[in-house]
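> There's a structure below that I have some questions on.
The values are calculated or read from the model by the stated rules, or taken from the named source; none is laboratory data. Values in this document were obtained by computation on a predicted structure and should not be read as measured data. Heads up, the Cβs are rebuilt from the backbone with ideal geometry, glycines too, and the neighbour counts pull from every protein chain shown. In case anyone asks, the SASA skips ligands and DNA or RNA and just uses the protein heavy atoms, side chains included. Shrake-Rupley method; radii C 1.70, N 1.55, O 1.52, S 1.80 Å.
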Amino acid sequence: MNDNGKGPIHIGDGAAIPRKKDFGLFNAWWLAFFGAIGLLFYLCFFKKDPYFEILTYLADGIPVTIKVTVLAICLALVLGLITGLGRISRIPVINLIASFYVEVVRGIPLLVQLFYLYYGMANFVKWHLFFDKIVNFFIGTVLGLDPGPIIESAVIVGLKNFLPEDILSASVAMGICYGAYMGEVFRAGITSIDKGQIEASRSIGFNRKQTMFCVILPQAWRTILPPVGNEFIALLKDSSLVSILAVSDILRRGTEYNSIYYVTFETYTVVALIYLLITLVLSKGVSIMENKLNYYDKRH
Amino acid sequence: MYKKIFLSIMVVFFLAGVSHAKTINIAADCTWPPMEMMDTKKQCIGFTPELLHAIARAGGFEVNIINVAWDGIFAGLGGGKYDMIASSVSITEQRKKRMDFSDPYFEVKQGVVVKKDSAIKTYADLAGKNVGAQIGTTGFFAAKKIKDGKVKSYNTVGLAMADLAAGRVDAVLADDAVATDFALNSHEYKDSMRLAFLLKSDTPEYLGFAFPKGSKENLELVNKGLAAVKASGEYDKIFAKWFVTQE
């Protein structure tokens, strides 16, 4: 349009020349991140008693929090994709099941769900035993081999030690809850794609499945990913709720330390700083991802 | 006219307030059967509440028992939310630095509860095992001393027992009275659990009522009442009521 040489040349999406992003040191993220690191460093090395001791006591809670979060995120993504597709399905039964799951899970507080799934279901579901049973069934009954060597193999035993029963149960409970929220995000992302895309895809001969997986989902990804990233951060913070289930995460270790030495202020300062640091790293990851995805949407 | 009525009402209230006996607000975590627990009418019952009421009668004051979660019960005492804690608090050196204790009213040992089919029989067997206990209790401190032990802390001892039943921990440590109650008397667990043994300790462990540092008046009042209840034989009666059926 602007071919008279006066205004900037407007080129359609996908071909804009990117402007260099400025990385000022004084934005909120850097301030919070280095503030937290600096404060933690200062407290632990210049006010050693009791801060350094608290940090060493909490240290083994950090991998537990990360394990619970990562496991729950993986489960929530899978459940979310299935639910999201189920919610827009034209088959009434699938649609009903997916909608029912979302309505039920969204209607119960996360804390109640955690108690229910962790303690209430403990007598019915034991994940390690469940795994053993599956291996027994497929290797033993279907293939007719001895499942013993697999169940007792170093890899499986190591994996079970890496993810003990309590962490597994807590992550599954978190994942089931967040799967419902994620499902809604997926559904919104998929329905946001213009109908013309479906029509165009169908008219050049793609079937429904191909349309969904080759045309719609790759585009929906861009709308879905930012809110999913926010869900990740929310999940990380909500993972502190599993401390109430006696899973030894950061908060639980902090409460334990406090129950021994009664240094409430110092303990929870360290707990808060560690959570803040982990969340900031994750939020940076999310914002980098968002920038990458928005690359072509920006008017440069 | 209205002023006079108002004033006379105020005077009545004031006199009523003076004539009332002193009330001590007491925090208890009522999840520790049979010492302190909730009944179906949402009242805190058990050995300690009954003892408290007897002490109050003997000492001439009134008690108001508040159910407070264990996790944070000491912070609440420090913050002045209540006047004393009567929640099977063991008298330890660490705690003595932060609060004052009444005369001891009960002796406890640490009991180890395991599943019926468990192989744990002695203290040495606990090494390297997953051990559960209520957070901040002497059972939890004892569990932390077990060699290579992996300690899980729970907000209430009931949750620890639930996890023991679910197989997520191998043993639970608690005061012997509580451990016995769960392993032998409780409807849910008496068929599946047993009391493995009691931990040996060099120094006897006593329960006391905890007060904020420097609250002399209440402390003396309660100590006097406790001595009277012990002397009159009422203590033994209450003890018999709650602990005779154990064996």
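> Could you tell me which of the residues A:LEU217, A:LEU277 is surrounded by fewer than 18 Cβ atoms within 10 Å (Cβ to Cβ) and in a helix (DSSP H, G or I)?
Going through A:LEU217, A:LEU277 in turn, the sole match is A:LEU277.
> Residue pairs, Cβ under 8 Å, 6 or more apart or interchain, first in the range B:114-143 and away from every other protein chain (no Cβ under 12 Å) and surrounded by fewer than 23 Cβ atoms within 10 Å (Cβ to Cβ), second among the charged types (D, E, K, R) and in a helix (DSSP H, G or I). List them.
Within 8 Å, the pairs are B:ALA119/B:ASP125.
> As an exercise: evaluate B:ALA27 against (1) closer than 30 Å to A:LEU251 by Cα; (2) within 11 Å of the chain's Cα centre (by Cα); (3) outside any strand (DSSP E or B) and give the number of the one condition it does not meet.
Condition not satisfied by B:ALA27: (3).
> Which residues, taken from the range A:246-280, are of a type in the set (Val, Ile, Thr) and without any contact (Cβ under 8 Å) to a residue 24 or more places away in the chain?
Selection gives A:THR255, A:ILE260, A:THR264.
> For B:ASP181, are the conditions met, namely being open to solvent by 10 Å² or more (accessible area, probe 1.4 Å), more than 10 Å from chain A (Cβ to nearest Cβ) and assigned to a loop (DSSP other than H, G, I, E, B)?
Spelling it out, it is not the case that B:ASP181 is open to solvent by 10 Å² or more (accessible area, probe 1.4 Å), more than 10 Å from chain A (Cβ to nearest Cβ) and assigned to a loop (DSSP other than H, G, I, E, B).
> Further question on the same structure: So B:ASP175 fits all but one of (1) more than 14 Å from chain A (Cβ to nearest Cβ); (2) buried (at least 19 other Cβ atoms within 10 Å of the Cβ); (3) of a type outside the set (A, V, I, L, M); (4) farther than 28 Å from B:ILE55 by Cα; what number is the exception?
(4)
> Kindly check whether there is at least one residue in the range A:194-206 that is outside any helix (DSSP H, G or I) and of a type in the set (D, E, K, R).
yes
> Only residues that are on the phi > 0 side of the Ramachandran plot and surrounded by fewer than 20 Cβ atoms within 10 Å (Cβ to Cβ): list them for the range B:73-104, please.
Hit for the range B:73-104 is B:GLY80, nothing else.
> Sticking with this one: If you scan the range A:107-125, which residues turn out to be touching an Asp or Glu at 6+ places or on another chain (Cβ under 8 Å) and open to solvent by 60 Å² or more (accessible area, probe 1.4 Å)?
Those that are touching an Asp or Glu at 6+ places or on another chain (Cβ under 8 Å) and open to solvent by 60 Å² or more (accessible area, probe 1.4 Å): none in the range A:107-125.
> Ok, one more. Quickly run through the range A:227-260 and pick out the residues that are open to solvent by 10 Å² or more (accessible area, probe 1.4 Å) and outside any helix (DSSP H, G or I).
Matches in the range A:227-260: A:SER248 only.
> Oh, and also: Identify, please: which residue in the range B:147-164 is over 21 Å from A:LEU241 (Cβ atoms) and open to solvent by 10 Å² or more (accessible area, probe 1.4 Å) and is, among those, nearest to the other protein chains (Cβ to nearest Cβ)?
The qualifying residue nearest to the other protein chains (Cβ to nearest Cβ) is B:LYS150.
> Any residue in the range A:121-132 that's under 13 Å from A:VAL157 (Cα atoms): show its pairings with residues that are open to solvent by 40 Å² or more (accessible area, probe 1.4 Å) and assigned to a helix (DSSP H, G or I) at Cβ separation under 7 Å, as long as the two are six or more apart or on different chains.
A:HIS128/A:LYS160
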